[in-house]
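Trainee: Please find one structure pasted underneath; my questions will follow.
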Amino acid sequence: MYKSYHKKIVASTLLASVVFLGTACNASNGTKDTAEAKPAAETKSAAPVNTTMNTEGFTKREIDAVGPANALVSDSVKKTYEHNGKLVVDGGVTYPIVNGKSGAYYVNEAAHTTPFNKGKRATENEQKAWDIDVMPDGTGLPEGSGTVEEGDELYEEKCASCHGDFGAGSGLYPKLTLGNAYALQKTMKNQRVNPDSEGPQRAFGPYWPYASTLWWYIKTGMPHQAPMSLTTDQVYALSAYILYINEMKIEGELVDDEYELDREKFLKIVMPNVDGFEPKINGPKGQDNAREYFNNPLNYGNGVRCMKDCFEGEPEVQRIGFELTDFNPPLSSEKTLPEPTETEAAAPGKDTYEASCAVCHATDAMGAPAVGDKAAWAAALEKGLDQVYHNAINGKGGMPPKGGAMDLSDDKVKEVVDYMIGASK
């Protein structure tokens, strides 16, 4: 949640849900409506919770409205976990088993007491093999180095086919930059409290709070067709290049085209939006911060549950700032369908190729034979057409079966292969 507007998000939905769940569940258990129901503090099975709320900056009316609503829970709805008694981390509720049901659903209570085999405990080395992420404090970040120049070359070879030239984005794949990270970070407040002509510009530079995620995501997930294939130094080089195209600085020094990034420098990266989110979930107190924040309804808006005569003061009318009145070509009110035109039928397999296969076969950057590369397809056909069909249907190397389009029939896949071969002669 971006902190510049969190107090403007309407709280009534959250509060209505809390009150409704308490009311509905009391009614379903045979108790009377909320006007006559026992307060949560008096119910015999209600777990004690800390209902102290941070009320700074809110009116007495808002606080009075939220206080009682925040306390209304029934035997069927709890604000704490059964296993540790702590508040639900996201501010929601849990549904204990009451009369054989959890909420509105029946529960097989025998299944909760049936023992099962959890397998063997992972060895220390097995745990290390899986523990490959990098934390914001540098935990898991290995020694190594790479330059922007090296990263530029790697990017062109392994990344540009999906993420576009200079990280500008391509098709469905995300943009890695939108410009200067520091200037664009300020757009995070746009179209929130005061509408602006441009909305928040979310990309790695202006939006992400920590650079550590960039490093381990590249290392463990990229390139798409061959994850874990990059060396540590190559990951540093690509990270340096992405910092460069986002025009970022490390300890006041601009990451230019000659910059070399290593572990020591990486740990000094401060992202422009590091303080742009709340609650603070990083560090050992992260979960407790989230519990405190999301269990305080006042953090979600004005805190008032209201259905009539709710607004105080003059409304802020939002008007269209950039009305489109001139269209080129002009808008038409004609309702008839255009006359059909005769076009040459597309080659069998071409449409499927463009929809599902071109991302890897349009160029050779993904390691697949590119359509139009006569030599590459001649080499692929050395073992015969049936073997090429087999590889396309069942997968080979980094290519998943049917290129990942598992809804295609074998015949459709063969049509695609025939099209690519025919277009490469």
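Trainee: Hey, does segment 227-244 have a residue that's over 19 Å from the mean Cα position of the chain (by Cα), over 24 Å from Gly140 (Cβ atoms) and not in a helix (DSSP H, G or I)?
Mentor: At the first step, the residues of segment 227-244 found to be over 19 Å from the mean Cα position of the chain (by Cα) are 227-244.
Among the residues that remain, those that are also over 24 Å from Gly140 (Cβ atoms) are: none.
No, segment 227-244 contains no residue that is over 19 Å from the mean Cα position of the chain (by Cα), over 24 Å from Gly140 (Cβ atoms) and not in a helix (DSSP H, G or I).
Trainee: Answer yes or no as to whether Tyr217 is in contact (Cβ under 8 Å) with a residue 12 or more places away in the chain and open to solvent by 70 Å² or more (accessible area, probe 1.4 Å). So that I can check it myself, show each step before the final result.
Mentor: Details: in contact (Cβ under 8 Å) with a residue 12 or more places away in the chain: no; open to solvent by 70 Å² or more (accessible area, probe 1.4 Å): yes.
Here the answer is no, as Tyr217 does not meet what is asked.
Trainee: Also: Is segment 169-185 home to any residue that is in contact (Cβ under 8 Å) with a residue 40 or more places away in the chain, over 24 Å from Thr139 (Cα atoms) and loosely packed, with under 14 Cβ neighbours inside 10 Å?
Mentor: Looking through segment 169-185, at least one residue is in contact (Cβ under 8 Å) with a residue 40 or more places away in the chain, over 24 Å from Thr139 (Cα atoms) and loosely packed, with under 14 Cβ neighbours inside 10 Å.
Trainee: Sort out which residues of segment 364-393 are open to solvent by less than 60 Å² (accessible area, probe 1.4 Å) and at pLDDT below 85, and write them in order of number.
Mentor: Result: Ala365, Met366, Ala368.
Trainee: Now, a different point. For segment 285-332, give me each residue that is modelled with pLDDT of 85 or more and open to solvent by 90 Å² or more (accessible area, probe 1.4 Å). Can you show your working first?
Mentor: So the first thing to find is which residues in segment 285-332 are modelled with pLDDT of 85 or more, and the list is 285-294.
Within segment 285-332, Lys285, Gln287, Glu292 meet the criteria.
Trainee: Next up: Quick check, is Glu247 open to solvent by 70 Å² or more (accessible area, probe 1.4 Å), part of a loop (DSSP other than H, G, I, E, B), in contact with a helix residue (DSSP H, G or I) (Cβ under 9 Å, 6 or more places away or on another chain) and at pLDDT 95 or above?
Mentor: Values: open to solvent by 70 Å² or more (accessible area, probe 1.4 Å): yes; part of a loop (DSSP other than H, G, I, E, B): yes; in contact with a helix residue (DSSP H, G or I) (Cβ under 9 Å, 6 or more places away or on another chain): yes; at pLDDT 95 or above: yes.
For Glu247, the condition - open to solvent by 70 Å² or more (accessible area, probe 1.4 Å), part of a loop (DSSP other than H, G, I, E, B), in contact with a helix residue (DSSP H, G or I) (Cβ under 9 Å, 6 or more places away or on another chain) and at pLDDT 95 or above - is met.
Trainee: So Ala347 ticks every box in (1) small (Gly, Ala, Ser); (2) in contact with a Phe, Trp or Tyr (Cβ under 8 Å, 6 or more places away or on another chain); (3) assigned to a helix (DSSP H, G or I) but one. Which box is left unticked?
Mentor: Of everything listed in (1) small (Gly, Ala, Ser); (2) in contact with a Phe, Trp or Tyr (Cβ under 8 Å, 6 or more places away or on another chain); (3) assigned to a helix (DSSP H, G or I), Ala347 misses just condition (3).
Trainee: I need the full set of residues from segment 167-192 which are at pLDDT 90 or above and farther than 19 Å from Val235 by Cβ, in order please.
Mentor: Lys175, Leu178, Gly179, Asn180, Ala181, Tyr182, Ala183, Leu184, Gln185, Lys186
Trainee: Checking Asp165 against (1) touching a residue at least 40 places away in the same chain (Cβ under 8 Å); (2) loosely packed, with under 15 Cβ neighbours inside 10 Å; (3) over 22 Å from Thr220 (Cβ atoms), which test does it fail?
Mentor: (1)
Trainee: Any residue at all in segment 118-126 that's of a type outside the set (Lys, Arg) and in a strand (DSSP E or B)? Reasoning before the result, please.
Mentor: From segment 118-126, those of a type outside the set (Lys, Arg) are 119, 122-126; that's our starting set.
Retained after the next criterion (residues that are in a strand (DSSP E or B)): none.
Among the residues of segment 118-126, not one is of a type outside the set (Lys, Arg) and in a strand (DSSP E or B), which makes the answer no.
The values are calculated or read from the model by the stated rules, or taken from the named source; none is laboratory data. For clarity, every value in this text was computed on a predicted model and none was experimentally measured. Backbone-built Cβ (ideal geometry, glycine too); neighbour counts: all protein chains shown. Accessible surface is based on the protein model in full, side chains and every heavy atom, while ligands, DNA and RNA are left aside. Shrake-Rupley method; radii C 1.70, N 1.55, O 1.52, S 1.80 Å.
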